[in-house]
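The values are calculated or read from the model by the stated rules, or taken from the named source; none is laboratory data. Note that the structure is a prediction, hence the values are computed from the model and not measured. Here Cβ is always computed from backbone atoms with ideal geometry, including for glycine, and neighbour counts include all displayed protein chains.
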């Protein structure tokens, strides 16, 4: 059960483009739009139950951006995982960025940055010690975005993607 506070909307206004975007927690009825954006904008596809599982288990970590006409134009989803610490023998909570996508016509307007900033605050509430993500080594735009948030390249995952492309494994300690 969610409360209104959990579904609170943040308004992101890019005055340069006179664009008003609303960022809020994803709801079940948004999943079809999220899946459409994923399939149109990213080479990686996930089954419906995967999105639903993240929404069910980490609802505050699954945000969408919508335009003034209530069209979903972007999303970001995280999950929280137990993982061994890189500098001790303890297990820690990690916030793992699963996917972020912005519709083509809405790129380079600060929406991805706004989604990342808002979602990182939500993920932090799970008492994580580290944020982690994988990104295609060829995705320079995304890499620069993550570096703005102080993510560092930790390692390279060889042949990480289905098409054989490598991924940078990026981390940010809290």
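Inside segment 84-105, can you point out the residues that are in contact with a strand residue (DSSP E or B) (Cβ under 7 Å, 6 or more places away or on another chain), in contact (Cβ under 8 Å) with a residue 40 or more places away in the chain and more than 16 Å from residue 135 (Cβ to Cβ)? Residues satisfying the conditions are 85, 103.
Among the residues of segment 114-162, the ones that are within 22 Å of residue 41 (Cβ to Cβ), in contact with a helix residue (DSSP H, G or I) (Cβ under 9 Å, 6 or more places away or on another chain) and in a loop (DSSP other than H, G, I, E, B) come to 3 in all.
What do you reckon, is residue 125 surrounded by fewer than 16 Cβ atoms within 10 Å (Cβ to Cβ), farther than 18 Å from residue 39 by Cα and in contact (Cβ under 8 Å) with a residue 60 or more places away in the chain? Spell out how you get there, then give the answer.
Working: surrounded by fewer than 16 Cβ atoms within 10 Å (Cβ to Cβ): yes; farther than 18 Å from residue 39 by Cα: yes; in contact (Cβ under 8 Å) with a residue 60 or more places away in the chain: yes.
So residue 125 fits the description; yes.
Here is the figure for segment 80-109: residues that are buried (at least 18 other Cβ atoms within 10 Å of the Cβ) and within 22 Å of residue 41 (Cα to Cα) total 10.
For (1) modelled with pLDDT of 95 or more; (2) touching a helix residue (DSSP H, G or I) at 6+ places or on another chain (Cβ under 6 Å); (3) under 20 Å from residue 117 (Cβ atoms), each residue gets a yes or a no:
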{"site": "2", "(1), (2), (3)": "no, no, no"}
{"site": "11", "(1), (2), (3)": "no, no, yes"}
{"site": "31", "(1), (2), (3)": "yes, yes, no"}
{"site": "43", "(1), (2), (3)": "no, no, no"}
{"site": "78", "(1), (2), (3)": "yes, yes, yes"}
{"site": "88", "(1), (2), (3)": "no, no, no"}
{"site": "101", "(1), (2), (3)": "yes, yes, yes"}
